[in-house]
Amino acid sequence: MSKQELEKVAGNGLINRRHLLGLGLAGVGVAASSSLLGADAGMNLEIPSWSKQPGPGASGYGSRSKFADDMQRLSGNPNPLYPGGGASRSPLHQLQGSITPNSLHFERHHAGIPDIDPSRHKLVIHGLVRQPLVFSYEDLLRYPMVSKIYFLECSGNSGTLFGPNPADGTAQSIHGLVSGAEWTGIPLYTLLDEAGVEPEAQWINAVGADAASMGRSIPLNRAMDDVMIALFQNGEPVRPEQGYPMRLFVPGCEGNISVKWLTQIKLSTEPSHFRDETSKYTDTRLDRKSLQFTYPMGTKSVITSPSGKMKLERQGVYQVSGIAWSGRGSIRRVEVSADGGRTWADAMIQSHQSEKALARFLIPWEWSGGDAILQSRATDSQGNVQPTRTSLVTEKGNISTYHFHGIQSWAVNTAGDVANVYA
Amino acid sequence: MSTLRKRITLGALCFSLCAGISSAVFAQSLGSPISESQLRGFDLIAPPDGSGYPGGGGTAIQGKVIFESRCSACHGMKGEGTSAVTRLVGGDMQSEKRPIRTVGSYWPHASTLFDYVQRAMPADAPKSLSSSEVYQVIAYILNMNGIIEASLVLNRDSLQQVEMPNKDGFIDSSQAL
């Protein structure tokens, strides 16, 4: 196919997504990573050394190639007075698909990771129930379980974008507090029904077994919906940093309420007003009133390639790729702009469009060496459209920096450098 | 309905509905009964209705000593903090500039202060303070914010009477879709 046949569907080089569907882009242009191929052109290929001797055999527990170990979570400098606090961010700019490997799933801890012996861990359900109950890990493994793919996002993700000046960051450093996984566990209503919820109960109060005994309150109607007690993550027992041996999982909602190392569920008429739902994880508006219990995460997308601090080495066709998600439904549409939002083209959504899960999107784009501003805009199954950063900040102010879900702008300059900008 | 009766009922129901399916369907009532009195040392929840406060008590004067030795490394000698996150004192939600949010200016319930210190503080040794020490330390934090007198004996009854300046500053959004 020649360059001339590519159908441009929006300004500054965006190409119809149908070119992704088996039509191919071979020979049309080359991406940054192909410079090595370019250097090899014309050389004779030989059998490599690893094809001439047997490698090591099978192993009990797998590990990645030593050539791929640069893929790491990114964490800030630990506070020596509070070493268990803090977070680490998923390398969104290096990942593909819509499932995050467990070793690269983002973390947020409030008092470090407890080293829990599952044979000594208890889950208690009490308060306004007919019969308070205690469950062991072994008990819970015997219940019928469900498996669902969901995203998890910290409500502080992308919060730096509320600030007055654009951070000089990457997709990972700005947006890496979101990940996707298949979670397997017991629907919470199963266990609540077993304990027998009293009619006056309106809230559950969930507490973890970490050193902070972190707690959150959740209305009973939400708790009886799609909430689960997750025991497995991508098929294996939930990792210690994700709540081993069990965590609450509240799909679509700010990550903090999916209480890790879950040990207590107390039913009550009123919420507990824990520190992490009063002092933190509340949203002060411009009128100085603060919204409390703001659970669902907004309709959001981010281009992960090209993204901040990458460099486009040569002109040609690139695959603009990213992830989109919504706490209120599935992703129905992602549009991409290469001219700062003046014109838009529909991207192809690659992965299955399931509720409250990451969706991978893709669209070809021809970079001709000029300035460009790449943006993506998601629409969910409820018709919610991702807002611009300006409209979000105008509406919410920036006293609080939770729940940022505005449009991300990546500027590409004539040298091919990609940077976070406000546009 | 007793748990035993419920198990039998559920078992019978499952048998009649799902006969032939593996015995896993019978494994639906595996929780063991426990009483609230058995959970007295386990349940740390202290909500605003005062139902979770233990006995004990003390004053800000007593709390100052504990605060200076156990809390000041992060929170400063006067609760001024060593970072924006650890500041406990001052601020004004109605200030012209961006408001500084602290225990004094922001927190809507005094119960949260008791609950959080009891479950999570000091950060290097959580749950190491006695109930009386928790009352004393939070009395000092409330006193530094001008919310209670230094001589007030804070206990389960007097803590229930404490009103926070920003008590009407929050909007419950829990049912927003």
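Just a few scattered comments:
- Of the residues A:Ser279, A:Ser351, the single one that is without any contact (Cβ under 8 Å) to a residue 24 or more places away in the chain and either surrounded by fewer than 20 Cβ atoms within 10 Å (Cβ to Cβ) or farther than 30 Å from A:Gly196 by Cα (or both) is A:Ser279.
- Listed by first and then second residue, the pairs with beta-carbon distance under 8 Å, at least 6 apart or on different chains, first residue in the range B:142-153 and closer than 17 Å to B:Gly76 by Cβ, second part of a helix (DSSP H, G or I) and at pLDDT 95 or above, are B:Leu142/B:Ala60; B:Leu142/B:Ala110; B:Leu142/B:Leu113; B:Asn143/B:Ala60; B:Asn143/B:Gly63; B:Met144/B:Ala60.
- Members of the range B:91-109 that are in contact (Cβ under 8 Å) with a residue 60 or more places away in the chain and hydrophobic (A, V, I, L, M, F, W, C): B:Met93
- Entry remark, the range A:223-250: residues being in a loop (DSSP other than H, G, I, E, B) and closer than 21 Å to A:Arg89 by Cα number 6 in total.
- Check on A:Glu7, out of contact with any Cys (no Cβ under 9 Å at 6 or more places or on another chain), among the charged types (D, E, K, R) and modelled with pLDDT of 95 or more: no
- Test: residue in the range A:149-157 that is without any contact (Cβ under 8 Å) to a residue 24 or more places away in the chain and within 14 Å of another protein chain (Cβ to nearest Cβ): no
- The number of residues in the range B:137-150 that are within 14 Å of chain A (Cβ to nearest Cβ) and in a loop (DSSP other than H, G, I, E, B) comes to 1.
- Residue in the range B:30-49 that is more than 14 Å from chain A (Cβ to nearest Cβ), in contact with a helix residue (DSSP H, G or I) (Cβ under 6 Å, 6 or more places away or on another chain) and over 19 Å from B:Arg119 (Cα atoms) present: no
- Complete set of residues in the range B:103-116 that are more than 7 Å from chain A (Cβ to nearest Cβ) and surrounded by fewer than 23 Cβ atoms within 10 Å (Cβ to Cβ): B:Ser105
- Yes/no for A:Glu236 being modelled with pLDDT of 95 or more, closer than 22 Å to A:Tyr402 by Cβ and among the acidic types (Asp, Glu): no
- Hits in the range B:73-95 - residues which are over 24 Å from B:Arg156 (Cα atoms), of a type outside the set (Lys, Arg) and more than 11 Å from chain A (Cβ to nearest Cβ): B:Gly76, B:Met77, B:Glu80, B:Gly81, B:Ala84, B:Gly90, B:Gly91
- Test: residue in the range A:258-273 that is in a helix (DSSP H, G or I), within 23 Å of A:His403 (Cα to Cα) and modelled with pLDDT of 95 or more: no
- Extreme residue, surrounded by the most Cβ atoms within 10 Å (Cβ to Cβ), among residues of the range A:372-423 that are of a type in the set (Ser, Thr, Tyr) and in contact with a strand residue (DSSP E or B) (Cβ under 8 Å, 6 or more places away or on another chain): A:Ser376
- Any hit, the range A:111-133, residues being outside any helix (DSSP H, G or I), more than 11 Å from chain B (Cβ to nearest Cβ), among the small types (Gly, Ala, Ser) and crowded, with 16+ Cβ neighbours inside 10 Å: no
- Restricting the range A:194-207 to residues that are more than 10 Å from chain B (Cβ to nearest Cβ) and over 14 Å from B:Pro47 (Cβ atoms) leaves a set whose member that is nearest to the chain's Cα centre (by Cα) is A:Val197.
- Restricting the range A:254-271 to residues that are in contact with a Lys or Arg (Cβ under 8 Å, 6 or more places away or on another chain) and of a type outside the set (Lys, Arg), the residue that is nearest to the other protein chains (Cβ to nearest Cβ): A:Thr263
- The set of residues in the range B:117-131 being more than 10 Å from chain A (Cβ to nearest Cβ) and of a type in the set (Gly, Ala, Ser) consists of B:Ser128, B:Ser130, B:Ser131.
- Verdict on A:Gly84 being outside the structural domain of A:Glu236 (by TED's automatic domain parsing) and surrounded by fewer than 17 Cβ atoms within 10 Å (Cβ to Cβ): no
- Filtered residue count, the range A:134-173, keeping only those that are touching a Leu at 6+ places or on another chain (Cβ under 7 Å), surrounded by 21 or more Cβ atoms within 10 Å (Cβ to Cβ) and not in a loop (DSSP other than H, G, I, E, B): 6
- Condition broken by B:Val153, with the remaining ones in (1) touching a Ser or Thr at 6+ places or on another chain (Cβ under 6 Å); (2) more than 9 Å from every other protein chain (Cβ to nearest Cβ); (3) surrounded by 18 or more Cβ atoms within 10 Å (Cβ to Cβ) satisfied: (3)
- Test: B:Pro99 is within 10 Å of another protein chain (Cβ to nearest Cβ), under 15 Å from the mean Cα position of the chain (by Cα) and part of a loop (DSSP other than H, G, I, E, B): no
- Selection from the range A:317-341 of residues that are surrounded by 24 or more Cβ atoms within 10 Å (Cβ to Cβ) and assigned to a loop (DSSP other than H, G, I, E, B): A:Ser326, A:Gly327, A:Ala338
- Yes/no for B:Tyr53 being assigned to a loop (DSSP other than H, G, I, E, B), in contact (Cβ under 8 Å) with a residue 60 or more places away in the chain, away from every other protein chain (no Cβ under 11 Å) and among the aromatic types (Phe, Trp, Tyr): yes
The values are calculated or read from the model by the stated rules, or taken from the named source; none is laboratory data. This is a predicted model, so every value here is computed, not measured. Cβ coordinates were reconstructed from backbone atoms using ideal geometry, including for glycine residues, and neighbour counts include every protein chain displayed.
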